[in-house]
Amino acid sequence: MSDISLTASMRSNLLSLQNTQSLMDMTQERLSTGKKVNSAIDNPTSYYAASSLNNRASDLNALLDSMGQGIQTIQAANEGIESITSFVEQAKALINTARDSTASSINKVEVNAKDFAGVADAGKETLQLVVNGGEVMDVELDSITAASGGDLEELAAALQSKLRDLTGDDKFKVDADETTRKLTIYNENKDVSWSLSGEINGVDMTSNGAATIPNARTSSQEQYNEILRQINQLAKDSGYKGVNLLQGEDLRVNFNEDRTSTLLVSGKNADVEGLQLLQGADWDNADNKALENALNAVDSAINTLRNWASELGNNYSILETRENFTEKLVNVLTEGADKLILADMNEESANMLALQTRQQLAINSLSLASQAAQGVLKLF
């Protein structure tokens, strides 16, 4: 095309038309994309500044997901604590019910030993013992000797030792009352029934101790222990996406892209062992020591759970506040980036209209500039 010669006015008008078309192409791109900076060529400073802002906004958006999941993890733990607290309060009610009930008496039998007297000659005395309807066991005692009157305390000690050795049950006890001349034979294990028969130095030792029928205390104890089992299971089921704050696992939530701003939520052991709750045992005892110990442990556990709930609530509030702040910061970053690269659609529309007008004028001007050359044709 270099061989074609254009007049100066035609070349000037052509260049103007080409510039107008270039501007129209750029305006059309802005109108179609909505951006005035589509690449680093358009405006390197604005392009890279906007990219940096958008990248940070994207990183914070990813952290928002982590914060949301952290909130859900805390909510799961809080629901667990509330349910465990309900269980512990129910356990306390059972302890109070048992304490208000009457304890059963130990199965014991008194034996009249008024005619008991020690003898001087050596020998063996044999009694028969049956425990829980089992086999008959021979209880052999050396004859108890005494200088005068017979020593009941010596007999009681010997008989108690033999009963314990023979059965392996250290709950068997034998007491002697020298004043009333009576022996009291009993077993502190209320689940055991037993019978004893035979004579010692002419005294009939026949006696029967029946196992205690379960009462309100033993029933409450069984229900209490079932609640403890449920507490352990509930604590295990309070996890969320692999993190269980009630099993001693910690939760760390990051608030910024370089992980310099974080929140560590410390886990707690909310099972029976972690709450230091006592297994129900020996509630059917008139001294109520086991019940008092269990009640103290339950009160302590309730206070502990309330403190943990308060701590979780505080962490929940922190996470919600940081989540809201991050959402707003993402919006600020996105708006800042948009101000750098987005086009003013009204302005670009006006530009397009002006360019179209300029283009028509340039075409008309080019047409006028070519009329001089067209005049040559009239010579022929």
| request: Can you check what the net charge comes to around residue 211, using other residues whose Cβ is under 13 Å from the Cβ of residue 211 (Lys, Arg +1; Asp, Glu -1)? | output: -1
| said: With an 8 Å Cα cut-off and a minimum separation of 6 or more residues, compute the relative contact order for the chain in percent. | reply: 28 percent
| Calculated FRET efficiency for the pair residue 153/residue 191, C-beta based, R₀ 25 Å, to 0.05 | 0.30
| remark: So the FRET efficiency between residue 309 and residue 65, C-beta based with R0 = 30 Å and rounded to 0.05, is 0.70
| message | Please arrange 255, 172, 87 by how many other C-beta atoms lie within 10 Å of their C-beta, fewest to most. | response | 87, 255, 172
| query | For the pair residue 178 and residue 43, how long in nm is the line joining their label points, each one 7 Å along Cα→Cβ? | reply | 11.3 nm
| request: List every residue whose amide H lies under 5 Å from the amide H of residue 107, counting only residues 5 or more places away in sequence or on a different chain, with H placed 1.01 Å from N in the peptide plane. | output: 187
| request: Treating cross-link reach as a plain straight distance, find the aspartates and glutamates whose alpha-carbon is under 20 Å from the alpha-carbon of residue 36, omitting any fewer than eight places away in the same chain. | output: 25, 335, 338, 344, 347, 348
| request: Pull out the extension gain between residue 124 and residue 96, defined as 0.36 nm times the separation in residues minus the alpha carbon to alpha carbon distance; nm, one decimal. | output: 5.0 nm
| Among 53-64, 38-49, how do they line up from the highest to the lowest mean number of other beta-carbon atoms within 10 Å? | 53-64, 38-49
| note | On the formula 1/(1 + (r/R0)^6), with r taken between the Cβ atoms of residue 256 and residue 288 and R0 of 45 Å, the FRET efficiency rounded to 0.05 is 0.20
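To the nearest 20 debye, what is the magnitude of the charge dipole of the chain about its Cα centre, counting +1 on the Cβ of each Lys and Arg and -1 on the Cβ of each Asp and Glu?
Value, rounded to 20: 3220 debye.
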| Simple spin-label model, 7 Å along Cα-to-Cβ: residue 72 to residue 11 in nm? | 7.1 nm
| request: Select from 87, 105, 58 the residue farthest towards the positive end of the dipole of the stretch 46-107; place +1 on Cβ of Lys and Arg, -1 on Cβ of Asp and Glu, and compute about the Cα centre. | output: 105
| query | What label, among [x] 1.01; [y] 1.06; [z] 1.58, belongs to Rg/Rh (Cα atoms, Kirkwood Rh) computed from the structure on display? | reply | [z]
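Read-outs: derived from the displayed coordinates by stated rules, not from any lab. Here the structure is a predicted model, which is why all the values come from computation and not from measurement. All Cβ positions, glycine included, derive from the backbone under ideal geometry; neighbour counts span all protein chains shown.
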